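For reference, the structure discussed in these notes is given below.
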Amino acid sequence: MTMVSTPAGRIEHAAHQASNDVAAFDGVSKLFGPVTAIDNLSFTIKKEQLVSVVGVTGCGKSTTFNLMLGLFPPTTGSVRIFGHDPYAEFTWYRKRVAVVFQDARLLPWRTAYQNVCIGMKFAGIPRDEWRDCAMQWLERLGLAGRENSYPHQLSGGQRQRVSLARAFAVDPELILCDESFSALDEVTAERLRGEFVSLVRDGKKTAVVITHNLTEAVSLGDRALAMRSPGQIVADLALTPSMTATERDGLRSELLGILRDEDGAAEIDHE
Amino acid sequence: MTSDVKSAERTRHGHLRRPGPEPAAGGRKWHESAYVRIGVLALIGLASWQIASQYTPDYIIPPLADVGNSMREILTTSNGLSNLSATLVRVALGLASAFAVGVVLGLATGANKTAAGYILPVVRFIQGIPSLSWVVIAVIWFQGVELRVWFVIILVTLPGFALQTDDSYRAIPAELRDMARSFRPSKWSMFRDVTLPGITPGLFTAWKVNLGLGIRMVLVAELVGASTGVGNALLTAQQLFNMAAVVAWTLTLAVCMLILQGISALIENYALRYRPLNHR
C-alpha cells in the first residue's frame with residue numbers, strides 16, 4: 001500500500017510507458033462560464049487497472065467522467081483515451097468504451113434482452129452476434145429467465161445487472177462507472193461490486209469507477225484517487241487484493257481525514 | 001385453526017363467517033358489467049326517444065323506425081356509401097398529411113432551438129385562429145372541393161401534431177439520450193431506437209384528439225364548401241326538414257368514430273405494451 005499526498009492539482013507518477021496508458025489527463029482545466037469545475041488536472045490510468053475516483057459532491061468527479069467520455073472538450077489541457085481525443089474523435093470509441101450509470105438507464109420500451117442488444121446495436125456489432133452474446137451475459141449476471149421482462153418488471157438490482165450486461169456485451173476495453181452502485185441497497189450493492197470486479201478482472205478490462213462512497217473506493221480496485229474541488233487530486237492510493245479489512249478501514253479513515261481537511265464537513269458517504 | 005380464521009371474515013356482529021364460493025365472471029355480479037349498464041342505458045334512451053316521438057312532429061323527434069330506415073339507406077345504397085366513404089377518405093388524407101408535416105415540424109422544434117424559435121410561434125398562431133375562419137378562407141381561396149377540405153383539416157389539426165411531437169421530444173429523459181450517446185450510435189439508430197419510441201405515446205394522444213377534431217372539421221367544411229360527403233348530406237337533410245336522415249347520418253358517423261377509436265386503442269395497447277397496465 002502506498003499513499004501519495006500531492007500539492008494542489010499535481011500528482012507525481014512513476015515513469016510509465018505511454019503505450020500502456022489508457023487514460024491520460026495533462027494539465028486539464030474545465031470552466032463552465034465563470035465556474036472552474038477542474039483546474040490543472042493531471043493523471044494517467046494504465047491498462048487493466050481498476051481505479052476508483054472518490055470525492056465530495058461538486059468536486060469535479062462527474063466533469064472528469066464526462067471529459068473521459070468525450071461529452072465536451074476541456075477548456076485547456078489535453079485529454080487522451082487510448083491516445084485519442086475522446087471529444088474530437090467521438091465515434092472512434094464506439095465499441096471501445098462502455099458506461100454504467102448511477103441509474104440503470106434502460107429503455108423502458110425494450111425488454112431486458114433487447115436492452116442488452118441495444119448496446120451492441122449502437123456499437124455497430126453485427127446482428128447475428130447479438131442473441132448468443134446477450135443471453136450469455138444475462139445468464140452470467142443471474143438474469144436467466146428474466147430476458148423478456150420489461151424494466152418496470154425488474155427490481156433496482158436486476159435493472160443495474162441488465163445495465164452491466166449491456167456494457168460488458170459490447171466487449172469494451174474501458175468501462176466507466178458513474179456511481180453505479182450508489183442507488184442500490186447495501187446488500188445488493190456489495191454483491192454487484194463483487195461481480196463487477198470479477199467481470200473486469202476476468203475480461204482484462206480497464207475500469208474507472210466514480211464514487212462518493214469511501215468504503216467502495218478503498219475496496220473496489222487497484223487504485224483510489226481522491227479529488228477535491230475544483231477537480232484536483234489530493235491523494236493517490238495503491239490498493240492490493242491482499243489488503244486486510246483492517247488495513248482498508250485505516251485507509252478509509254485516512255481518506256476521510258484528507259477530504260475533511262480539504263472541504264470541511266465533507267458531503268461524503270462514510271459507509 | 002389459524003388459517004381457517006384467516007380465511008374467514010367477520011360479520012358486522014363480530015362472528016366469523018366462512019367465505020362463500022367465488023362469484024362467477026371474475027368476481028363481478030352480472031349487473032355490474034359495463035356492457036349490461038350500457039345496454040340498459042341504451043334501452044332507456046331508445047324507449048324515451050320512441051315515446052317522445054309519439055307526441056312531437058317528425059321534424060323534431062322522428063320515430064325510431066324512420067331513423068332505422070334512413071340508416072339502412074345510408075349503408076345499403078351507393079349514394080349513401082359514397083357520401084360516407086368520401087368523408088372518411090377526406091379525414092384520413094387530411095389527418096395523414098397533418099401528421100406527417102406536424103411530426104417533422106415537432107421534431108425540428110424539439111431538436112433545434114433556432115427552429116423552435118421560428119416555427120413554434122407560427123404554429124401557436126395558427127392554433128389560435130378559429131377553425132371556422134379557415135373554412136371561410138378555404139372557400140374563398142380554392143375552387144376545388146377536395147383542396148378546400150384538405151386545407152381546412154391540415155390547418156386545424158397540424159398544430160396539435162406539431163406541438164405534441166415537440167413536447168414529447170423534449171420529454172425524452174436526457175439520461176436516456178446520454179446513455180445511448182455513450183455507445184456512439186449513428187444518428188439514424190438514435191432516431192429509430194430512442195427518439196421515435198420516446199415520442200410514440202405523445203403521437204397516440206395527438207391522434208386521439210385530432211381524430212374527433214378532424215371529423216368535426218371535415219363535416220363543417222363539407223357543409224359549406226362541398227357537393228359530396230356526410231356534411232353535404234346533412235345540409236340536404238336539413239333543407240328538407242328530414243330529421244330522421246340527420247339523426248341517421250349523425251349516428252352512422254358516431255359509430256364510425258367509435259370503431260376508429262377502438263382500432264386506435266388496440267394499436268396503442270400493442271405499441272405501448274411495455275408500460276405497466278395502469279399507465280396505458
Query raised in the report: Once the Cβ-Cβ distance between B:Val104 and B:Gln239 is put in as r, and R0 is 41 Å, what FRET efficiency do you end up with, to the nearest 0.05?
Result: 0.45
**Report entry** Listed residues B:Asn79, B:Ser189, B:Ala237: farthest to the positive end of the dipole of segment B:64-279 (Cβ charges)
**Finding:** B:Ser189
Query raised in the report: Which ordering of A:Tyr93, B:Tyr35 is given by a fewest-first count of other beta-carbon atoms within 10 Å?
Result: B:Tyr35, A:Tyr93
Requested in this report: For A:Glu195 paired with B:Ile267, estimate the spin-label separation in nm (one decimal), with each label point 7 Å from Cα along the Cα-to-Cβ line.
Outcome: 4.0
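Sum -39500 (n - 2.57) across every DSSP H segment of at least 4 residues in chain B, then divide by the residue count to get the 222 nm mean residue ellipticity, nearest 500.
Estimated from H runs of four or more residues: -25500 deg cm²/dmol.
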Report summary line: The exposure ranking of A:His84, A:His212, fewest beta-carbon neighbours within 10 Å first, is A:His84, A:His212
**Report entry** Value of relative contact order over segment B:105-233, rounded to a whole percent, pairs C-alpha under 8 Å and six or more apart
**Finding:** 31
Query raised in the report: What is the distance, in nm, between label points placed 7 Å from the Cα along the Cα-to-Cβ direction at B:Thr76 and at A:Ser242?
Result: 9.8
Report summary line: Which residues qualify? For A:Ala207, with a placed amide H closer than 5 Å and at least 5 residues away or on another chain, they are A:Gln49, A:Leu50, A:Val51, A:Ile175
Query - All lysines inside 24 Å of A:Lys205 as judged from Cα atoms, apart from same-chain residues fewer than 8 positions distant - result: A:Lys46, A:Lys47, A:Lys61, A:Lys95, A:Lys121
Query raised in the report: When only C-alpha pairs under 8 Å and at least 6 residues apart count, what is the relative contact order of chain A, in percent?
Result: 28
**Report entry** chain A - share of DSSP beta bridges that are antiparallel (%, nearest 5)
**Finding:** 55
Query raised in the report: What percent do you get for the relative contact order of segment B:64-279 when only Cα pairs under 8 Å and 6+ apart count?
Result: 28
Report summary line: Fewest-first ordering of A:Phe43, A:Phe32 by Cβ atoms within 10 Å yields A:Phe32, A:Phe43
Report task. Rounded to the nearest 500, what is the 222 nm mean residue ellipticity of chain A from helices alone, with -39500 (n - 2.57) per DSSP H run of 4+ residues and division by all residues? Result -> -10000 deg cm²/dmol
Requested in this report: Provide the percentage of antiparallel DSSP beta bridges, counting only those with both residues in the protein assembly as shown; round to the nearest 5.
Outcome: 55
Report summary line: Which of A:Gln153, A:Gln102, A:Gln232 fluctuates most in a GNM of chain A (C-alpha springs under 10 Å)? That residue is A:Gln153
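For an R0 of 51 angstrom, estimate the FRET efficiency from the Cβ-Cβ distance between A:Ser149 and A:Lys47 and round to the nearest 0.05.
Working: r = 36 Å, r/R0 = 0.71.
The calculated FRET efficiency here is 0.90.
Taking the Cα centre of chain B as origin, work out the dipole magnitude from +1 charges on Lys and Arg Cβ and -1 charges on Asp and Glu Cβ, in debye rounded to 20.
Dipole about the Cα centre, nearest 20: 1100 debye.
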Requested in this report: Tell me which residues come under 5 Å, amide H to amide H, from A:Leu239 once H is placed; ignore anything under 5 positions away on its chain.
Outcome: A:Arg223, A:Ala224
Query - Cα-centre dipole for the protein assembly as shown with unit charges at Cβ (Lys and Arg positive, Asp and Glu negative), debye to 20 - result: 1300
Query - Distance in nm between pseudo-label sites at B:Tyr118 and B:Tyr35 (7 Å out along the Cβ direction from Cα) - result: 5.6
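Every number here is computed from the coordinates shown, using simple stated rules; none is lab data. All figures in this text were calculated on a predicted structure; none of them were measured in a lab. With ideal geometry, Cβ positions are generated from the backbone for all residues, glycine too; neighbour counts draw on all protein chains shown.
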